[in-house]
Amino acid sequence: MKTCVDLLIENVGRLLPGHEEALMGVSVAVDAGQIQAIGPAEKLAGLFDGSQTLDGTGKLLTAGFVDSHTHLVFGGERSGEFVQRCAGADYEHIASKGGGIRASVRMTRAADLQQLVDSARPRLQRMMESGSTTIEIKSGYGLDLENELKMLRAIRQLSEEFPIEIVATFMGAHEIPDEWRQDRAEYIRIICQQMIPQVAREGLAEFCDVFCERGVFDTQESIQILQAGLENGLKPKIHADELAASGGSLVAAQVGAISADHLMEVTTEGIEALKSAGVVPTLLPGTTFYLRKSGYAPARSLIDAGLEIAIATDRNPGSCTIESMLFIAGLSVMHMGLTPTEAIIAATRGGSHALGRGPLCGTIEAGKRADLILWDVPDEEVLIHEFANQVPRIVCAAGRIVFDSHIASIERSDLTSDQGV
Ligand SMILES: [Zn+2]
């Protein structure tokens with residue numbers, strides 16, 4: 001007697017990550033939101049009946065992408081800055097004129113909760129359709145108690161609406177708001193004594209993040225804020241060594257951060273500190289690309305030092321609008337020297353570690369959540385080569401098909417015939 005399961009993905013050509021060594025012709029049985037079994041197609045065909053089946057012949061099956069670093073909830077938009085940058089202005093110059101994060105703060109404060117949710121929804125939808133099944137979202141464009149809470153509530157509402165996992169991070173320490181420029185110590189006191197305790201009381205965030213950088217928060221301030229987070233049960237993350245070697249990696253190691261993100265300017269000493277403290281280096285090549293810089297993070301040095309890296313989109317209103325983790329994986333291969341296999345692993349298993357979800361998702365293994373992407377290509381080399389073009393054939397989140405490219409095509413062709421073309 002065969003066991004009935006929700007979904008049977010049959011005769012897949014290649015699985016990643018989890019069974020890189022597997023031969024052709026593997027099937028995956030999914031039930032109750034989890035991967036139940038993986039094994040030779042013939043064997044599983046004798047054991048399971050799928051309520052729904054998918055033919056994986058000649059196709060690549062990867063784990064769902066884990067995008068561990070985004071700022072995708074925000075008010076307004078900043079395309080004007082992009083055009084200025086392309087005409088030669090640099091980010092620091094634009095920021096000094098009131099642009100950059102501070103412009104998004106003004107527009108986010110002006111938006112109400114529903115406007116924030118409504119504007120973020122299509123971005124999140126596209127990200128899900130491009131294969132991201134776990135997405136971290138940070139606050140940090142409110143920069144006062146009321147507006148930081150509004151952002152986190154918007155993130156919570158999105159997480160209730162979407163069938164994928166959303167992870168919230170409090171980032172009141174994204175920038176010093178204009179009204180506290182003359183008294184930054186007081187703003188840090190508000191973060192530590194008002195914002196963090198309130199966010200924790202309402203259970204609105206799992207992580208606390210800080211922008212440790214020259215002109216933003218220095219190392220001592222970063223430690224103070226991340227310690228306040230820890231005391232309230234928020235696990236530390238940090239924006240580290242992005243524009244300069246500011247000591248962010250050392251802070252990450254000192255406070256036991258789960259990840260240190262950006263790292264374009266990380267030093268050898270910083271790499272050693274990350275390694276000894278077990279911090280996950282999270283690289284965001286989309287931002288380097290989007291800001292038209294050439295100094296990508298030293299991914300090879302990090303990997304060669306024995307660290308498992310994550311890559312993420314850093315989707316935000318200004319310095320990177322890329323939403324596709326596949327595009328980021330492509331940039332990682334082109335500009336950071338990753339192999340296609342390493343890039344897919346960094347986008348899946350690496351991201352799960354950067355969010356403390358290694359046991360839950362990020363690989364294709366029995367017992368893990370059934371977050372899966374079926375691709376219409378035979379392997380990751382072909383996939384990465386086509387990184388700007390490929391869309392998933394199927395995206396499955398916790399065992400549920402949330403995107404099917406064939407259904408999307410049918411809708412488009414219906415539209416065409418309605419118009420009598
Ligand atoms: Zn960021």
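The numbers here are math on the coordinates, done by the rules we state, and not lab data. All values reported here derive from a predicted model rather than from experimental measurement. So basically every Cβ, Gly included, is an ideal-geometry build from the backbone, and we count neighbours across all protein chains shown.
Just so you know, the Cα atoms of the chain work out to an Rg and Dmax of 21.6, 74 Å.
In this structure, the residue pairs whose Cα-Cα separation is over 30 Å, taken from Lys97/Lys237; Lys59/Lys138; Lys59/Lys237; Lys43/Lys275; Lys59/Lys275; Lys59/Lys235, are Lys59/Lys138; Lys59/Lys237; Lys43/Lys275; Lys59/Lys275; Lys59/Lys235. Taking θ as phi - 60° and the Karplus parameters 6.51, -1.76 and 1.60, the scalar couplings of the range 216-226 work out to 10, 10, 7, 5, 5, 4, 4, 4, 4, 5, 5 Hz in sequence order, x denoting glycine and proline. Each Lys and Arg Cβ is given +1 and each Asp and Glu Cβ -1; about its Cα centre, the chain then shows a dipole of about 380 debye. Building the convex hull from the alpha-carbon atoms of the range 1-138 and averaging its projection over directions returns 12.2 nm².
When Asp90, Asp404, Asp304 are sorted by how many other C-beta atoms sit within 10 angstrom of their C-beta, beginning with the fewest, the order is Asp304, Asp90, Asp404. Shown here for the range 1-109: trypsin sites (Lys or Arg not before Pro) in loop regions (DSSP other than H, G, I, E, B) with at most 13 other Cβ atoms within 10 Å, namely Lys2, Lys97. Bridgeable aspartates and glutamates around Lys368 (alpha carbons under 12 Å apart, same-chain partners fewer than 8 residues away excluded): Asp31. The angle separating the long axis of helix 113-129 from the principal Cα axis of greatest extent in the chain is about 40 degrees.
Mean residue ellipticity at 222 nm from the helices of the chain, using -39,500 (n - 2.57) per DSSP H segment of n ≥ 4 over the full residue count, to the nearest 500 deg cm²/dmol? Could the numbers behind the result be given before it?
On the way: 18 runs with 163 residues, N = 421.
Helices in the chain give a 222 nm mean residue ellipticity of -11000 deg cm²/dmol.
When the chain is described by a simple charge dipole with +1 on each Lys and Arg Cβ and -1 on each Asp and Glu Cβ, the residue from His335, Phe170, Ala397 located farthest towards its positive end is Phe170.
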